[in-house]
Amino acid sequence: MARNHEKETCLFLEWLDVPDSKAVKSTAIITTIIGCFSSLGAILGNTLVLFVLIKFDRLHTPSNTLIGSLCVSDLLTGFIVTPFSAARRLQEAYGIRPCVLRLVCAFFAFLCLATSIVTVGGISIDRYFAVVMPFRYRRNATIFRYLIIIAISWTSLGLITLFPFIAVIDTKTFFQVLFGLMGVSIVVFLITYAKISRIVRSHRRKICSVRHASYVSNDSTASERVLAIRESKKANTIAIVIGCGLCSYMPLAVMFILRGTIGDTVELVTIADPWADLFLQVTSAINPIIYCMRSSDIRDHISRALPDRLERLFVRIFRKR
């Protein structure tokens, strides 16, 4: 329970004396094994989704551009964050302090977390405007504009993530910014999807009343209602992705709160923290599965891109019967 009295650091990251215990080593080994499967799933799944989003023109839409940004963040998590975290935990469990490895892991972990949070907020806003004003959304939302927004977001967040490493801001300020982004993202998500649900229910009631009255409307309002309901189906898929993402943030948020209140104890840093990190990282392998299960466009294009044997297996797993 004692904190490291020497406060040795790796740049701004403090080291904690890791005890030579069976619990610490078992935690490192088990989380590494699970992390290997998670990393493989994240790399394969997100690479495949990104491939079809880029290759097939039909999938070139503004909303899919945001999904592509989230896939890039998940891919970096599977390719760098998860394996580097596992390697760091194993070395620390056996008395090795890999400073460079820890810094690389920390930078990409913070970057991927920040970009995921901001992208989640962006997707929420995108789905809101697609449902509330579908015609105006289709006229004004372009892939080029979304790519500019994504590029600015990644560049800005990359610089903010770099600030603690070059001593521009301290660790406490950086985590306040990170949690501020998370809080804003959660609020935006809850508000937008509450409004989306209310609007879609209203459109459905009006469409049903028109059908019961045996009246067919040819005006733009009726078309807008149908289009809004169609866009809401995409919103439901994204809501599942965002919901899983927000749930995966919770253990990490609890860990930061505990470490900020009671300090960096051995139990928190070496036992609980690896599981909280892993829980967040596993989401990067789950998201592509959600895309395939919920989006017929992505699912169909992935099946077309696979070799025959893999296509048959993929169809058995994901295609609706």
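The values are calculated or read from the model by the stated rules, or taken from the named source; none is laboratory data. Note that the structure is a prediction, hence the values are computed from the model and not measured. Note that each Cβ is placed from the backbone with ideal geometry, even for glycine, and that neighbours are counted across all protein chains shown. Quick note on the areas: whole protein, heavy atoms, side chains included, nothing else; ligands and nucleic acids left out. Shrake-Rupley method; radii C 1.70, N 1.55, O 1.52, S 1.80 Å.
Annotations
- Any hit, the stretch 137-150, residues being open to solvent by less than 80 Å² (accessible area, probe 1.4 Å) and under 20 Å from Phe79 (Cβ atoms): yes
- Where Arg230 falls short, out of the listed (1) in a helix (DSSP H, G or I); (2) modelled with pLDDT under 70; (3) out of contact with any Ser or Thr (no Cβ under 7 Å at 6 or more places or on another chain); (4) open to solvent by less than 80 Å² (accessible area, probe 1.4 Å): (4)
- The stretch 8-36 - residue that is farther than 13 Å from Val266 by Cβ and of a type in the set (S, T, N, Q) and, of those, farthest from the chain's Cα centre (by Cα): Thr9
- Selection within the stretch 51-60 - open to solvent by 30 Å² or more (accessible area, probe 1.4 Å) and part of a helix (DSSP H, G or I): Phe51, Ile54, Lys55, Asp57, Arg58
- Which listed residue is in contact with a helix residue (DSSP H, G or I) (Cβ under 7 Å, 6 or more places away or on another chain) and either among the aromatic types (Phe, Trp, Tyr) or touching a residue at least 40 places away in the same chain (Cβ under 8 Å) (or both), from Val132, Val104: Val132
- Taken together, the criteria exclude Ala222 from residues that are at pLDDT below 75 and buried (at least 18 other Cβ atoms within 10 Å of the Cβ).
- Here Phe175 passes the criteria (1) of a type outside the set (S, T, N, Q); (2) modelled with pLDDT of 75 or more; (3) closer than 29 Å to Arg294 by Cβ; (4) under 24 Å from the mean Cα position of the chain (by Cα) except the one numbered (3).
- A single member of Ile186, Ile196 is modelled with pLDDT under 80, surrounded by 15 or more Cβ atoms within 10 Å (Cβ to Cβ) and either in contact with a His (Cβ under 7 Å, 6 or more places away or on another chain) or within 27 Å of Leu159 (Cβ to Cβ) (or both), and it is Ile186.
- Contacts under 6 angstrom Cβ, first residue in the stretch 292-305 being of a type outside the set (D, E, K, R), partner part of a loop (DSSP other than H, G, I, E, B), 6 or more apart: His301/Phe56
- Unmet requirement for Gln281, which otherwise passes all of (1) open to solvent by 20 Å² or more (accessible area, probe 1.4 Å); (2) at pLDDT 75 or above: (1)
- Of the residues screened, Thr261 is not one that is among the hydroxyl-bearing types (Ser, Thr, Tyr) and buried (at least 16 other Cβ atoms within 10 Å of the Cβ).
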